[in-house]
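The values are calculated or read from the model by the stated rules, or taken from the named source; none is laboratory data. These numbers were taken from a predicted model, which means no experiment stands behind them. Positions of Cβ are generated from backbone atoms using ideal geometry, with glycine treated the same way; all protein chains shown enter the neighbour counts. When the accessible area is computed, the model is the full protein with side chains, heavy atoms only, and any ligands, DNA or RNA have been set aside. Shrake-Rupley method; radii C 1.70, N 1.55, O 1.52, S 1.80 Å.
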Amino acid sequence: LAGEALGGSAAVLVAVGGLHTVAVMIDGALWAWGQGDAEDRLVPARVGAEEEFGGSPVLMAACGDSHTMAVTKAGTLWAWGLGEHGALGHNDDNTRLVPTQVEAQHFGDAKIVSATAGHAHSAAVTEHGGLYTWGTGTRVESDDGEVEVPWGLGHGDGETKSVPTRLAPALLLGMRVGRCYGLPPLHA
């Protein structure tokens, strides 16, 4: 894509979802194209204005099949798109066409440093290494009838979570997650 198509700024991160793509620019702007809001976009369009995302630059973005998340320099998480099964973390199944902040209280008011999105579930890591997941806890296979299969939230209960829910440290054998924690010497 030509630089003019992206506001003349350089891209530092790109994420691809089921039918859409987003790019985070060096200036913190977020651009998206593909299937999304009320119209399909064949060329990149800036997501919101400069005051979007609470006025904080976007550092990273993630795309699920039909939803998008962005992490800002301020450590806030924003989610929008198809809200089915609580995938957006807003405590409902509502679809949102504009970025909406996921409440910090769900993360113990910690800053978010990383996020990812799946088919109908999402995950985020806090500055302290806490791992949170939410969205659908199971999927139903219907070839031979109704068989529930665990989806990947990691809580061990197969339940759908409509808000970010921290994985118990015991499930991670006491390990923390995140780029701010060094590997043990054996793995470094």
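Limited to the stretch 8-41, what total is found for residues that are of a type in the set (A, V, I, L, M), in a loop (DSSP other than H, G, I, E, B) and either touching a residue at least 60 places away in the same chain (Cβ under 8 Å) or open to solvent by 60 Å² or more (accessible area, probe 1.4 Å) (or both)? Quick ask: steps written out before the conclusion?
Looking only at the stretch 8-41, we keep the residues that are of a type in the set (A, V, I, L, M), and these are 10-16, 19, 22-26, 29-30, 32, 38.
Pick out the ones that are also in a loop (DSSP other than H, G, I, E, B) and you get 10, 19, 26, 29, 38.
If we keep only those that are either touching a residue at least 60 places away in the same chain (Cβ under 8 Å) or open to solvent by 60 Å² or more (accessible area, probe 1.4 Å) (or both) too, we end up with 19, 26, 38.
Here the count works out to 3.
Specify the residue that is least open to solvent (accessible area, probe 1.4 Å); the eligible residues are those in the stretch 66-87 that are within 25 Å of Asp27 (Cα to Cα) and part of a loop (DSSP other than H, G, I, E, B).
Taking the stretch 66-87 and keeping what is within 25 Å of Asp27 (Cα to Cα), we get 67-81.
With part of a loop (DSSP other than H, G, I, E, B) added as a condition, the list becomes 73-76.
On the way: Lys73: 144, Ala74: 51, Gly75: 9, Thr76: 32 Å².
Top of the filtered list is Gly75.
Here is a yes/no grid of residues against (1) over 15 Å from the mean Cα position of the chain (by Cα); (2) touching a residue at least 24 places away in the same chain (Cβ under 8 Å):
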| position | (1), (2) |
| --- | --- |
| Leu88 | no, yes |
| Gln101 | no, yes |
| Gln105 | yes, no |
| Lys111 | no, yes |
| Ala117 | no, yes |
| Ala124 | no, yes |
| Gly129 | yes, yes |
| Thr133 | no, yes |
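Is it the case that some residue within the stretch 42-65 is farther than 20 Å from Val125 by Cβ, at pLDDT 90 or above, touching a Phe, Trp or Tyr at 6+ places or on another chain (Cβ under 6 Å) and open to solvent by 80 Å² or more (accessible area, probe 1.4 Å)?
Within the stretch 42-65, one or more residues are farther than 20 Å from Val125 by Cβ, at pLDDT 90 or above, touching a Phe, Trp or Tyr at 6+ places or on another chain (Cβ under 6 Å) and open to solvent by 80 Å² or more (accessible area, probe 1.4 Å).
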